[in-house]
Every structure is written in C-alpha cells, then in structure tokens.
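Before any comments, here is the structure.
The values are calculated or read from the model by the stated rules, or taken from the named source; none is laboratory data. Quick caveat: nothing in here was measured; it's all calculated off a predicted structure. FYI the Cβ positions are ideal-geometry reconstructions off the backbone, even for glycines, and counts take in every protein chain you see. When the accessible area is computed, the model is the full protein with side chains, heavy atoms only, and any ligands, DNA or RNA have been set aside. Shrake-Rupley method; radii C 1.70, N 1.55, O 1.52, S 1.80 Å.
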Amino acid sequence: MKERLVELKTEALEKVAQAEDAKALQDVKVQYLGKKGPITEVLRGMGKLPKEERPVIGQMANDVREEISTAIDEKQTKMEEAALEKQLQEETIDVTLPGRPAQTGGPHLLTSLIEEIEDLFIGMGFEIAEGPEVEADYYNFEALNLPKGHPARDMQDSFYITEEILMRTHTSPVQARTMEQHKGKGPVKVICPGKVYRRDTDDATHSHQFTQIEGLLVDKHVRMSDLKGVLNAFAKQMFGEEREIRLRPSFFPFTEPSVEMDISCKMCGGEGCSVCKGTGWIEILGAGMVHPNVLEMAGYDPNEYTGFAFGMGPERIAMLKYGIDDIRHFYTNDVRFLNQFHKA
Amino acid sequence: MFVSLNWLKQYVDLQGLTPEDLAEKITKTGIEVEGVEPFGEPIENLVVGYVKECNQHPNADKLNVCQVDVGDEVLQIVCGAPNVAQGQKVAVAKPGAVLPGNFQIKKAKLRGEESSGMICSLQELGIDEKYVPAEFAEGIFVFDGDPEVGANASSLLNLDDIIIELGLTPNRSDALSMLGVAYEVAAILDTPIHFPNEDVQITEEKAEDVVSVTVKDGNLNPYYGAMVVKNIEVGPAPLWMRNRLISAGIRPINNVVDITNYVLLEYGQPLHAFDYDRFGSNEVVVRRATEGETIKTLDGEERTLSSNHLVITNGQEPVAIAGVMGGADSEVHEGTTTVLLEAAYFDPQAVRSAAKEHGLRSEASVRFEKGVDPDRVQRAGLRAAQLLSDYAGGEVLDGVVAYDELSYEEKTVTFTTSRMNHVLGTDMDDAHIQDILRKLQFSYEQEGETFTVSIPTRRGDISLVEDMVEEIGRMYGYDNIPFTMPQGAGNAGGLTAYQALRRKVRRYLEGAGLSETLTYSLTTEERANLLVSPDVQGENVRPVHLAMPMSEEHSHLRLSALPEMLASASYNVARKQKDVAFYEVGSIYVTKEAVLTKQPDEKERLAGVLTGSWLTHPWQQEKKNVDFYVVKGILDGLFDYLDIEEQISYQQGQVDGMHPGRTALVKLNGETIGHVGQLHPKLQKGYDLKEAYAFDVDLEKVFKAISSEETYTPIPRYPSISRDIALVVDENVAAGDLRKTILETGAPLVKNCLVFDVYQGEHLEAGKKSLAFSLLYLDPTRTLKDEEVEETHHAILDKVKEQYSAELRA
C-alpha cells in the first residue's frame, strides 16, 4: 500500500502542476482528495492490514493527502494572483487625463485680510464690535471730539442723508458706541471692522466706499508704551518678524497724543526705494491715546481711565502687501482678480 | 507749507545738517515732511555781468553786440533780447555753463560776430514763467540794486535753495509761518532763534490824526490796528524778497503787496495794504455786512454779501471782506503814495464761512481760519512798516490806531512728572522735562514734581494736559518709549456667536464653489428699487437717498445686493468670464421714512448670483449649466449645515424682476425670509446675461432659527427598511407638498423621503406626472416588522390618494 500511496502522490502532484485553469485544478482536487478518491480508498482498505501497520499507513496516507492539498492551494493562489494581475493590467487608465473639477470659491481678499487681522487681535484678547454704516452725526463726529463747525471735519467730507444722519466716514463711531455700552467701566478691548464712505471721486487711489479696522483699549492703566507694544506685535505677525515699526507725531481729533505708525520697508529693508519713496518707511496706520473729551463723553473719568485707539485701511494694506495698483479692483469683482486670492 | 532753507537759515543755524537729516528730524518730532526738493538747478559759470556797451549787430536787425564785464574779463556777447541795454547788470552764462535742459554754453560766431556766452532770461535759468516779473517776461532779466560784478548769479537768484514741504495737520497752524517753523526747528536742534527786526523809524506826524478805527462787532474782530505810511514809491521788491516769495509759491507783484505777503509768510499774520487816498474816507469802520450789500473785489468780481460776513468799510461802503479779499477801488497801484496798513485778528469762523461761500480760499484766509497768534498781530504790522520804510521809501506815521479787545493771556497747563510717565509709559525725571520745556521755549513754574506751564499764544493747539503729554512725548522721542503689553484683567477675546456663524456661512459657500464679492452699498435709484426681496418689500419701504450725491451712480442705498452683483456678473461675462458664481454678505438699509428722522434698519443679508456652467468636465462628457436646482441645492446644503433644514420650506412665488415660474419664496417656519430663482428674461437681457439665477435671504433670521443646543443622536442599532413608491398626480401638484404629506403621515416610522424620479410624457395621461419617492422606515429602538411597515405604507397611500388623488403608478 505504501507503493500505492507514493504512486498516487507522484501522479497527483504531476496533475496539479499540469492544471492550467481553476477547473482543471478543481478536478484534480475532486479526483484525489474527494470522498470517492483513491486516498480515501486506501484508508478504507486499511482494515485488512495487520494492526501494527495501520498507524504507519494511516499517517502516510494523511501526509500524502496533506501534501497534495497544499500543492493544490499553492497552485490556486498562484493562479488567482495571475488572474488578478491580468485584471489589473486590463484596468489600467491614463492617469494624466484631467480630473473632474471640484467646485472652488473663496473669500474676497479684503475679507481674508480683515479676518486675519481680527484673529491676530483676538489672540491678544480683543473682541470684535460692529455698528451701523448709516450713522448719527453725534457718534460719527461729536462723540469723537469733532463738534459741529470743527475745522477737522473738512478732512473727511461726508455723504449726508439729513443734517443729523450720514454714511459713517470711519469705524470710530463703533468705538464711541461700545464705550457707551460699557457705561464708564473698563476694560473695553475691541476691534471694529467695517465699511466706510467718503465724498471722494473714485480713481486709482480713492474710493467712495472702502473698509477700515479700528482698535480700542480703554482701561485704568493703559500707556502709550502699550500702544507701541500691541502695534509692534501686530506688525510683526502681519508683515514679518524682521519688520520694525516707528511712531511719528500726527493729528486726529479723537486722540491726543496722535501718531502715525510706519513699518520698515520690506522691499529695501529700510534702505530707501521707490515703494517707500526713499524714506525706508511705509505708513500703515494712525493711532493715539484716546482724547479725554472722547472718554468723558462716553462716560469715563479721564483721570481714572486712559486708552489707546488705532485705525487702518485694509485696502491700503492689501495694496502694499500684494502690489495692487488700483483701489477700484477691490470693488469691480473681476473673477480674474478675485480668484487670485483664493489660494491657501 | 513750503519752507525755503535759505530763508530758514536767517533765523536758525542749520550748519552741518543736510536737508535730508533735517527733514527726518522734523518728521520724527512732529511735522511730516512731504518732500525735500531743490528750488532750482544751481548753475556754474553764471555770474553778474555789467553791460558796458550795447551796439546794433552789423548784420542783424534784432541782435545786439554787447561788451559785458564779468569781473575778471570783458566778454563780447551777441544778445537778441529786446530789452538789453547799456548800463544793465545781467545774468551771464559764461562759456562752460550748462543751463537747464542740458543747454551747453560755448563760444560761437553769430552772423559773423564772436559771442562768448549768453545773457539769460529767467525762463532760461529754469524759473517758472508764472514767477517771472512782467517787465522781464519777453526778455533778459536785469538785476536791481547793485550786485557785485562777477558775483555768483546762481545764488543771487536763489537757484541753490532747497525747499522742504511740510504736511501740516490741522492742529499745527503755528507752523504756517517761518517763525513758527523756526521755533520748531530750534527746539529740535536746541539752538537759539534770531528774530527779525521790528524797529521802525517814525515821523512826527501821528497816525491817529489821519485815521480812526471803529469796530462794531468786537466778537468777530477783537483787534484791528491801522498804521499809515506816506511817501511810498511803488516799484519792484528787492530780489531777495521776491525770491523768498517765489520759493513759497507766491507770485511777486510790487514792493507794497510783496511786503505784506512776505510778513504773512514770516509771521503767519495776514496784512492788508489799502491805498489811503482811495480809501474813501479817513475812518475805518469794521462791521457785519448788510444783507445784499455788494463789493467789487481785487479780482474784479462783484460779490454780494450777507450779514454773516465781516467787512471793512470806509464808514459808507465795504472796502474789503475781512480776512478774505480787499476791494478793487482801494487797491494799491503804481501811483499809490500813502498806504493804510491793516493788521487785525478776525474770527476764524467768520473768515471760514466767507472764504467758503465766495470760493476765495487764500494764504490769508487759511491763516485766519486756523486762528492767528495774538502776540504777533501788532508785531507783524510793525515789521511790515519797517520793510515799507526800508524797501518802498515809506515814512511811517507815529502810532498804531487800534481797537483792541484781544486776549493776550497765556493759558496754563499743570501736570506732574508721574502723570507724564504714567501715560507715556516712560521713566523721565523732572530734569528731563525741564530740558524739553526749555527747548520749546515754554516758561513754567515747578513745585515738587508738579509743573505749571505757560503756553505761548503761538501754540493755540495746546490747552490740556494731554496736549502737553504730546509735546513732551514727541520731544522725548517716540522711538525712546519702550514696548510694553497692556496690563490689567485680560479678556478672553473672540468672536460673538453671530460673527462665528457668519464666518461658517462664508466658508460653506466658498466650499460650495462660490466666490465672495464686495459691491457698493450706494447705487442708482433704479437699482436701489430693483429685486427687492418680498420680505423686505412693504408699504412705504423705499431706498434711503443721499442729500447731495456726487453722481447718480451712487445716490441711493441698496435694498438688495443683487443689482450690483448682477452688474459685476455682467462685467465678467462681457470679458469672456462666462461662468460666475458669486455670493455676498452685507447690509441693506430699510426705512419707511421719506425723510429720515432716525437711522434706517440695517439688515445683514446673504445674496448670490450664478450664471454660466456649473460643472464642465468635457472628456467624460459631463457638463452642467447652472439651473434653479443647483442654486436651491446650495441653499439646501447651507440650511442643512446650519441644522435648520426642517424649519425651511419653499413656495412658488412672484418677485419683481424674477422669472414668474421659476422663483421660490424661502420660508422659515412659514415666514418669508428671502427668495431664490431665475432672473426674469427681460432683466437678464438688461444685464446682457443668459440664464442667471439669484438668491437673497435674511441672514439674521436664519441665525436666529439656529438652536444653540447641540445634542448627540445615537447611531441606530437596528436596520432600516427602504420602500419605493411612484405616484401619478396632476402636473400642478408640488412635489414638496406631496413629500411633506408623506413624512407627516408616515411619522414616526418614516424618517426620510427622497424624490428619485420625476416623469411626464408619452407613457402617462396628458396633464399628469409621476413622482417616485424612496421612503426610509426606521425605529431606533427595535427591528421593524414587515406588517408595521406595510400598515404605514398603506396609510400613506390612502392619505395621498385622498389629498392629491395620487394613484400608484402601474
């Protein structure tokens, strides 16, 4: 019987090797390992063997069966892999063809910039305050130390609707409103972004509508050095660590002292070039210590409270940052302009 | 303000300082320098020449051959100017000189005669024609006085001057004068000031004997001083004075007028010179004009006055509008011999309104408007009298006839060193402050650390402690203030819930493929009334209009962003950018008042405009144009994102300017909050657009609907069952209504109901359509039994049959 098993094994392995497809392999499996197969037959015939030979032959029969079975499995795996290989070959596509476009939109450049600036100041503990664009003369001017007939009102010719109501000329009235809401108590720490309007004819550098961001901090111990510190932190985050700032005296009716902040020119690093008109500095924003009259009108005791305020124009910052040459681009909404600023 | 450095050097020592350094110091300390420009081009080999001989050119009628002494030699120069004559002192460009425009002077022969140089006109030296005196306009320039032959003509003509342009903020009107600038520069450089000469030689005759002054309105004219100068010879002012006027941008006229202008620039005090003999009387009466009174001003205009104008009169009629312009009749002219010199303080407001109403803003009115320095009013008069005596041959009568109710009192400001340091964030000591006050030439008293500073009248801008904080701070140097971060209770900072939601809405729409626009709030009247959403529209609702718009284009406030957004879409389509998907978040301004008594209601809206193709992917044959359902889908997605989709419904609606069959009202819990749809074809055409779609919804109402409670819904552990039905209904039955009925009837088991097919056509009876829905049955607590689903399903079928005569499609 041993010879028979060896013979069966050789025969079966040969057939496995010859099998060309899954069906042939299955046939081999059924033929040799099936219930009616020759190995089963050998095992059945074991009753006739002497008792001591039975385990030996049984073991041998099982080994042969095992060997054939493994061979079949291996062959099967091989065939499946080959089939898969073939399928994958057939499924190959031209990966260089264009993909189906995903819809992409994006924020307006000014919105991106305003949100970026908001976030910088939120990081320094500021909140965002908003107010009406159609404003009462009182909040736009009077509460900001610009009484009727004040010569500085000339600086910002306005769109009046009635004698008492106008399109706000700056976002400063939001500061006056916010302080009033706090009823003489500090701290007030807000950033006020929004649209503003001036009586200007639209051209490359003027727009009758533009945006502004103002900041205000009123508390019991606010110093001008704090203004410098906050603006410096802002400038470095917004324009780069290597930028320096300087404050120059200026004039705004609602702050005293008033300053303008310049940053060192990025183009020339302060050496002087055409961008900074040879000065090495670029004017970025106006600021100052809140005028005592403004504090008083909003219900704060100027002996107890001090504060600083600053205001900047996102259009100007965007124009500097990206070298945009015409302010009207911001409001024309040419998609070739808008899309350029949708990149991450 | 243009500041000639050559002039400034008369008052302050600028040795060893480049113009750029000076400009930088001025800018950093207080006044922005807007420009540092050379006044002219200094020219080498340009000298004063004396015309010894001047003879007709033998071969040319219009040329002269001149022998010109230039100091070290005598040059023969051929000159074509009509006014050249023997005995003149002229500007000679010697061979080797290069005139503006790279015009090189060389020896030459002109019609056979040697010419070694050129006798120059002012224009040839680069001086603007408008500053060239009339007598030299058509010829060469002739020096007056007696300049040394051979002297550097370039510097005599001030061509080597540098002009610093100061950008003065409204508070720094003290620097609207050379003396004011001198104070500023002297403080910065810590140097003394050399003041001009105000000593006048006077005659025995007294001014009060020949003129009287009466002021009827002391509030508007607290000081009026009159001086009289006799025996004047009107002629050109000296060259140096003319140069200084030109450097400041003022055209020289004659010595009398130039002297008043010169003092205006020097002291910041406008003066006026009347021809005494043509004044009309010997009494000066200052009063308000009477309504309708007229005056013919220097410029020849007849002007009608009103009672808020202050006038100088001769007791009968106006001879000048105070501080603004003199009258033509009493103007100084060539034959004037006696001058009545006015030095006055006029109320800033009165001058401003008169200057504005007559469109006569001048160097004088600007200074009065800002308020002149009381201390300099009379001194300026004396200075002018001194100059008239020196340069116009005048004899100054004794005394100033004056009305004087002006306050010369110096204000005081008291502060402590610690307050100064507290506000600036510095640690200055008393000595530092003393030093700054000394440089500013402010006198003060000190008691401990308390300073009481007397503010000179020239600095009308300083009256509060904070003003002194600025003075001390800027002189201390803002660069020297340290960088600190605010102390005190820190807020958390952050966005409000509303602001955070607004940002989420923006990001959603951008992710959905829309680009944000920013359009103008001010638009035309027509556009302001266009495409107003039904929830905004109402009785008497109208756009707010500006009182005085600059143009019709921007005259009315919008009631919807759509009209301007459509204009932007149209702009792009016209430029071959045919696919547009825009959104904008912004305010509209709603009022029912024809004349505003209060601010309009500002509502924040979300608007969108889409046109062109939505998806283009040609090689896989995918192309989808924007249609109603694309746009509605964007809104659906938004409402789903904000988790308010169950509160939203759409209803066929009519909106002016929108397609009557393709527009839906957007409803929030039954209330209209906006609309979405296709633009009316007529409007599309008006905007030059093909199919265009738009939406406009009230963002504030949307945000209010959002529940702040966020809870977790467990993921169902039991399987759901899906059932499809196709219903045949009349074609005018709205799918939304049908769906709503299915969901309501199927509750609580039916969790969702999705339209998956709409059919209308040959396989159905005319006027009918088939709507196929896929229903999702689920009980999150257990496995559903078939019978239960069946029961609900039948209930639904019965209900839709009853309500819509819906039949199951065979």
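What the table below lists for this structure:
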{"quantity": "Residue, least open to solvent (accessible area, probe 1.4 Å), within the stretch A:257-276, restricted to residues that are within 14 Å of chain B (Cβ to nearest Cβ) and over 27 Å from residue B:470 (Cα atoms)", "calculated": "A:272"}
{"quantity": "Test result for residue B:466, without any contact (Cβ under 8 Å) to a residue 60 or more places away in the chain, out of contact with any Phe, Trp or Tyr (no Cβ under 7 Å at 6 or more places or on another chain) and surrounded by fewer than 21 Cβ atoms within 10 Å (Cβ to Cβ)", "calculated": "no"}
{"quantity": "Odd one out for residue B:52 among (1) open to solvent by 80 Å² or more (accessible area, probe 1.4 Å); (2) part of a strand (DSSP E or B); (3) within 14 Å of chain A (Cβ to nearest Cβ)", "calculated": "(3)"}
{"quantity": "Residue ID - surrounded by the fewest Cβ atoms within 10 Å (Cβ to Cβ), chosen from residues in the stretch B:8-36 that are without any contact (Cβ under 8 Å) to a residue 60 or more places away in the chain and among the hydroxyl-bearing types (Ser, Thr, Tyr)", "calculated": "B:18"}
{"quantity": "Enumeration of residues in the stretch A:175-224 that are within 10 Å of another protein chain (Cβ to nearest Cβ), within 23 Å of residue A:256 (Cβ to Cβ) and not in a loop (DSSP other than H, G, I, E, B)", "calculated": "A:188, A:189, A:190, A:191, A:217, A:219, A:224"}
{"quantity": "Considering residues of the stretch B:504-524 that are touching a helix residue (DSSP H, G or I) at 6+ places or on another chain (Cβ under 7 Å) and either open to solvent by 40 Å² or more (accessible area, probe 1.4 Å) or of a type in the set (Gly, Ala, Ser) (or both) only, the residue farthest from the other protein chains (Cβ to nearest Cβ)", "calculated": "B:508"}
{"quantity": "Strands (runs of 3 or more DSSP E) within the stretch B:584-700 that include 3 or more residues in contact with a His (Cβ under 7 Å, 6 or more places away or on another chain)", "calculated": "B:658-668, B:671-679"}
{"quantity": "Residues satisfying the stated conditions in the stretch B:572-608, i.e. facing chain A (nearest Cβ under 9 Å), more than 26 Å from residue B:508 (Cβ to Cβ) and free of Cβ contacts under 8 Å to residues at least 24 places away in the same chain", "calculated": "B:575, B:595, B:597, B:598, B:599"}
{"quantity": "Candidate set: the stretch B:129-138, residues that are assigned to a loop (DSSP other than H, G, I, E, B) and crowded, with 16+ Cβ neighbours inside 10 Å; chosen: the one farthest from the chain's Cα centre (by Cα)", "calculated": "B:133"}
{"quantity": "Single condition residue A:51 does not satisfy, out of (1) part of a helix (DSSP H, G or I); (2) open to solvent by 70 Å² or more (accessible area, probe 1.4 Å)", "calculated": "(1)"}
{"quantity": "Subset of the stretch B:525-547 [in a loop (DSSP other than H, G, I, E, B), open to solvent by 20 Å² or more (accessible area, probe 1.4 Å) and either facing another protein chain (nearest Cβ under 7 Å) or of a type in the set (Asp, Glu) (or both)]", "calculated": "B:535, B:539, B:547"}
{"quantity": "Enumeration of residues in the stretch B:386-439 that are open to solvent by 30 Å² or more (accessible area, probe 1.4 Å) and within 14 Å of another protein chain (Cβ to nearest Cβ)", "calculated": "B:414, B:416, B:418, B:419, B:422, B:427"}
{"quantity": "The stretch B:86-100, residues that are in a loop (DSSP other than H, G, I, E, B) and either charged (D, E, K, R) or without any contact (Cβ under 8 Å) to a residue 24 or more places away in the chain (or both)", "calculated": "B:94"}
{"quantity": "Lone unmet requirement of (1) of a type outside the set (Phe, Trp, Tyr); (2) open to solvent by less than 50 Å² (accessible area, probe 1.4 Å); (3) within 14 Å of chain A (Cβ to nearest Cβ) for residue B:376", "calculated": "(3)"}
{"quantity": "Selection count, the stretch A:327-344, where residues are more than 7 Å from chain B (Cβ to nearest Cβ), within 17 Å of residue A:204 (Cβ to Cβ) and in contact with a helix residue (DSSP H, G or I) (Cβ under 8 Å, 6 or more places away or on another chain)", "calculated": "3"}
{"quantity": "Some residue of the stretch B:115-128 being more than 27 Å from residue B:249 (Cβ to Cβ) and assigned to a loop (DSSP other than H, G, I, E, B)", "calculated": "yes"}
{"quantity": "Residues being part of a helix (DSSP H, G or I) and in contact with a Ser or Thr (Cβ under 7 Å, 6 or more places away or on another chain) - total across the stretch A:113-144", "calculated": "3"}
{"quantity": "Unique residue being surrounded by 12 or more Cβ atoms within 10 Å (Cβ to Cβ), in the same structural domain as residue B:503 (by TED's automatic domain parsing) and more than 42 Å from the chain's Cα centre (by Cα) when the list is B:697, B:728, B:666", "calculated": "B:666"}
{"quantity": "Selection count, the stretch B:758-796, where residues are under 15 Å from residue B:722 (Cβ atoms) and open to solvent by 60 Å² or more (accessible area, probe 1.4 Å)", "calculated": "4"}
{"quantity": "Count - residues of the stretch B:192-212 that are under 42 Å from the mean Cα position of the chain (by Cα) and either under 22 Å from residue B:338 (Cβ atoms) or modelled with pLDDT under 90 (or both)", "calculated": "2"}
{"quantity": "Cβ pairs under 7 Å, 6+ apart, first in the stretch B:687-713 and touching a residue at least 24 places away in the same chain (Cβ under 8 Å), second open to solvent by 60 Å² or more (accessible area, probe 1.4 Å) and of a type in the set (Asp, Glu)", "calculated": "B:706/B:643"}
{"quantity": "Test: residue in the stretch B:612-621 that is among the polar types (S, T, N, Q) and on the phi > 0 side of the Ramachandran plot", "calculated": "yes"}
{"quantity": "Filter result (modelled with pLDDT under 95 and either among the hydrophobic types (A, V, I, L, M, F, W, C) or assigned to a helix (DSSP H, G or I) (or both)) within the stretch B:403-417", "calculated": "B:406"}
{"quantity": "The stretch B:441-486, subset among the hydrophobic types (A, V, I, L, M, F, W, C), assigned to a loop (DSSP other than H, G, I, E, B) and in contact with a Lys or Arg (Cβ under 7 Å, 6 or more places away or on another chain), residue nearest to residue B:409 (Cα to Cα)", "calculated": "B:481"}
{"quantity": "Conditions (1) open to solvent by 30 Å² or more (accessible area, probe 1.4 Å); (2) free of Cβ contacts under 8 Å to residues at least 24 places away in the same chain; (3) not in a loop (DSSP other than H, G, I, E, B); number of the one not met by residue A:303", "calculated": "(3)"}
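The rows are residues; the columns are (1) open to solvent by less than 20 Å² (accessible area, probe 1.4 Å); (2) under 30 Å from residue B:488 (Cβ atoms); (3) within 11 Å of chain B (Cβ to nearest Cβ); (4) among the polar types (S, T, N, Q).
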site: A:95; (1), (2), (3), (4): no, no, no, no
site: A:102; (1), (2), (3), (4): no, no, yes, no
site: A:123; (1), (2), (3), (4): no, yes, yes, no
site: A:127; (1), (2), (3), (4): no, yes, yes, no
